[in-house]
Amino acid sequence: LFPYTTLFRSAYALVTASPAEPEAYLLLGSVCVAKGDADAAVAAYEKATVLAPKNGDYQRQLGDTYGFAAQKAGMFGRLGWAKKCRPAYEKAVELAPKNLDARSSLMTFYQQAPGVMGGGADKAYAQAAEIKKLDANRGRLAYAMVYTGEKKFTEAAAELDETLKANPDDYAALYQVGKLAVVSGEHLDRGVEALRKCLTLTPPTEAPG
C-alpha cells in the first residue's frame, strides 16, 4: 500500500495547491481507484466535471467511476451507482460525439443494463452504428461485442474475421475471438490460439471489452 499512499499524498497536495485545476482532481481520482476507494474516487471525478462541465472525456471517466463504485458496493448500493452511469455516458457523447471511447462505454451500458435502467439492445446497436461511421475497425469490433451479447455468434465471428483480414495482429479483435469461443462454446481451438497470440502483443490502453 505504500506506493499508493505516497501517490495519494502527492495527488492531494496537487489538489490543495491547484484547487481550480480539473486535471488535479482526475489524478486524485485515478489514485483513489487504484487504492480501491470508490467514494473518494467519485468525489474527485465529480469535482473535475464541475470544473470542466463541457469536457466529454471527463464525463466518460466519471461514468466509469460510477461503474467502479457499483462493483464495490453492496447489493442495494450497486443499483444506485449503476443508475448514475447512463446520464454520465450520455452527457459524454453529447459533449463529444466523436469520442469513440465515450460511445463504446455508452454502448456497453445499453447492452448490459436492463430496460428499466435505460438499457436495450436496440440502443447498443445504434451506438455501434455511430462508432462504425467514425472508425470502421472500431465499429466492427463494437458490432461483434453486441452480437456476442445477443448470442448472434455467426454475425459476431463475421465482424471479427473482417477485422483480422485487415490486421491479423489486432489485439482487441483477437481478444474478442477468444471471448466469443468461451461464450459460444464453439471453435475453442481458435479461441485459445487467439488468446495465446494476445500474450505476444502489446495490449491497447483501453480495455478490449
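The values are calculated or read from the model by the stated rules, or taken from the named source; none is laboratory data. Keep in mind it's a predicted model, so treat the numbers as computed, not measured. A quick note on method: Cβ atoms are made from the backbone with ideal geometry, for glycine too, and the neighbour counts reach across all protein chains shown. Only protein heavy atoms, including side chains, enter the accessible area calculation; ligands, DNA and RNA are left aside. Shrake-Rupley method; radii C 1.70, N 1.55, O 1.52, S 1.80 Å.
Once the Cα atoms of helix 153-166 and of the chain are each reduced to a long axis, what angle between those two axes, in degrees from 0 to 90 to the nearest 10, is obtained?
Between helix and principal axis, roughly 80 degrees.
Using heavy-atom solvent-accessible surface (probe 1.4 Å) with all chains present, what is the largest-first order of 8, 68?
The residues order as 8, 68, largest area first.
I need to check one value: relative contact order of the chain, counting alpha carbon pairs closer than 8 Å and at least 6 residues apart, in percent.
10 percent
I'd like to know which of 172, 42, 110 lies farthest towards the positive end of the charge dipole of the chain, counting +1 on Cβ of Lys and Arg and -1 on Cβ of Asp and Glu.
Of 172, 42, 110, it is 42.
So how tilted is helix 100-112 from the main axis of the chain? Cα-based, degrees 0 to 90, rounded to 10.
The helix 100-112 is inclined about 70 degrees to the chain.
With a 10 Å cut-off between alpha carbons and a GNM built on the chain, which of 22, 114, 53 moves the most?
114
Loop sites only, by DSSP: take the GluC sites (Glu not before Pro) in the chain that have at most 13 other C-beta atoms within 10 Å and name the longest stretch containing none of them.
1-185
Under unit Cβ charges (Lys, Arg +1; Asp, Glu -1), what dipole magnitude, rounded to 20 debye, does the chain have relative to its Cα centre?
I would put it at about 380 debye.
What accessible area per residue, rounded to a whole number of Å², is obtained for the chain using a probe radius of 1.4 Å?
Value returned for the chain: 54 Å² of accessible area per residue.
So if I place +1 on the C-beta of Lys and Arg and -1 on the C-beta of Asp and Glu, and nothing else carries charge, what would the dipole magnitude of region 64-129 be about its Cα centre? I want it in debye, nearest 20.
I would put it at about 160 debye.
Taking the alpha carbon gyration tensor of region 118-199, what are the square roots of 5 times its eigenvalues, largest first, to the nearest whole Å?
Semi-axes, largest first: 21, 15, 9 Å.
Across the Cα atoms of the chain, what radius of gyration and what greatest pairwise Cα-Cα distance (Dmax) are found, in Å?
Radius of gyration, then largest Cα-Cα span, for the chain: 18.5, 56 Å.
Which percent of the accessible area of region 1-46 is formed by carbon and sulfur heavy atoms (probe 1.4 angstrom)?
Solvent-exposed carbon and sulfur of region 1-46 make up 65 percent of the total.
Within 10 Å of each candidate Cβ there may be at most 12 other Cβ atoms; applying that plus a DSSP loop requirement, which trypsin sites (Lys or Arg not before Pro) in region 138-209 survive?
The qualifying sites are 151.
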